[in-house]
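The values are calculated or read from the model by the stated rules, or taken from the named source; none is laboratory data. Quick caveat: nothing in here was measured; it's all calculated off a predicted structure. All Cβ positions, even for glycine, are placed from backbone atoms using ideal geometry, and neighbour counts span all protein chains on display. Accessible surface is based on the protein model in full, side chains and every heavy atom, while ligands, DNA and RNA are left aside. Shrake-Rupley method; radii C 1.70, N 1.55, O 1.52, S 1.80 Å.
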Amino acid sequence: MSWPVVEAVGVAVDADAALTRRLWSRNDAPGPVPAGTGNRGQPPTATLVAWCGLLLTGGVAIAVMQAVDRNVAHTTFVTDLVQAVFAAVAAAAFVRRARQAHTAGDQRTTRFFGALAAGTLAWTAGQVAWFVARNVNHQPIPSGHLHDVGFLLMPVGVGVAMWMRGGDYGLTLAYRPWQRALSLVCMAAATYAAMILLLTVADLPVDGFILVAALYPTGDVTLALMALSPLICGYRVVGSVVLATALLGAAASDIGYLMMKADSETQMMPAAAALGYIAFTIILTIYSFIAQRLPARPRPTLRWESLTITTVHDAGTAGCALLAVGFALCLLVTHPDTAVGVVGACIIGLTTAALAVRVATGRRTHRPQ
């Protein structure tokens, strides 16, 4: 049997690529494995461990320095610079991975790493604008929205990559694209409503700018859940938890930024508030080295004993919808005649409609030809 056929069978059953190649070479074909097959081009394990150790050690050292250094200007400079540098390294690594995939003729993986590179580059550009405003123009809280454009474009690029990745590890063969989009709407609505509710519980004013700024942590948390979709579908994909951890680190700092921005008494952003961003850029850099290429073709969802993964996914969608409606009702009842109440009503209408359509259409019952 030829190697391409054996490799395709191994991919379909999620078998270890190295073991499959070794058994094929031993039993059926003494010759070498065709070039470009087998291992999907991952860097050596020892190199990855060294990079991860170096980056994590550097992150701890930066956190300790920020805790003991009382020079506000110095800590601000170092904090903002470190984020820009690590983000640029991650973007360069994603570009390199995209070029390698393009050279190997893997167009889907090229688009995957290209989307990650675009999102990371956008965030890097926003961070550079933030660095210049704070350290060159001496603005404690930067004015203007140039940096916001870069920060808000990051979820777009990373979201496209996570959509591709989640689809290839189970969701494409289980749901139609618009069904997955409806589930994503419920997920994002629950997160956004929770962010606004957090501000109102803390008795912080919520204006139009804050309603837009709440999209920062909403995007981070939603992307983190999307990063875990291969695990939800039954696949242990290297890097899923790593990327989710990076995005949750960014969400932690984004929530702090949102609350301080809503507080009119805040005169400057403390350097410690950026520790989540530092963790985000460092862990994202690690992910850029360990991220796997996409599989050769979309895979089906697996099973957890007698429970189907699609049942778990459907239950998660319903749970997010219920949370979104519950949080939005709290906003509508407590702030009926304000912009917050209007947002609550919109969330209720959007989420209810999305869940109704999602339930009415069910899921795929067959594989597409």
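A cut-off of 5 Å between modelled amide H atoms, ignoring neighbours fewer than 5 places along the same chain, links Arg299 with Tyr169, Gly170.
Could you sort Cys346, Cys320, Cys233, Cys330 by accessible area so the largest value comes first, with the probe set to 1.4 Å?
Details: Cys346 85, Cys320 30, Cys233 0, Cys330 60 Å².
The most accessible residue leads, giving Cys346, Cys330, Cys320, Cys233.
Report in % the part of the accessible area of the stretch 112-164 that belongs to carbon and sulfur, leaving out ligands and nucleic acids; probe 1.4 Å.
76
On a per residue basis, the stretch 116-158 carries 44 Å² of accessible surface, using protein heavy atoms and a 1.4 Å probe. When you count the other C-beta atoms within 10 angstrom of each residue and take the mean per peptide, 213-219, 339-345 line up highest first as 213-219, 339-345. Of the peptides 151-158, 195-202, the ranking by mean beta-carbon count within 10 Å, highest at the top, reads 151-158, 195-202.
Can you give the accessible area per residue of the stretch 162-243, in Å², using a 1.4 Å probe? Don't skip to the answer; put the middle values down first.
On the way: 2770 Å² over 82 residues.
Accessible area per residue, the stretch 162-243: 34 Å².
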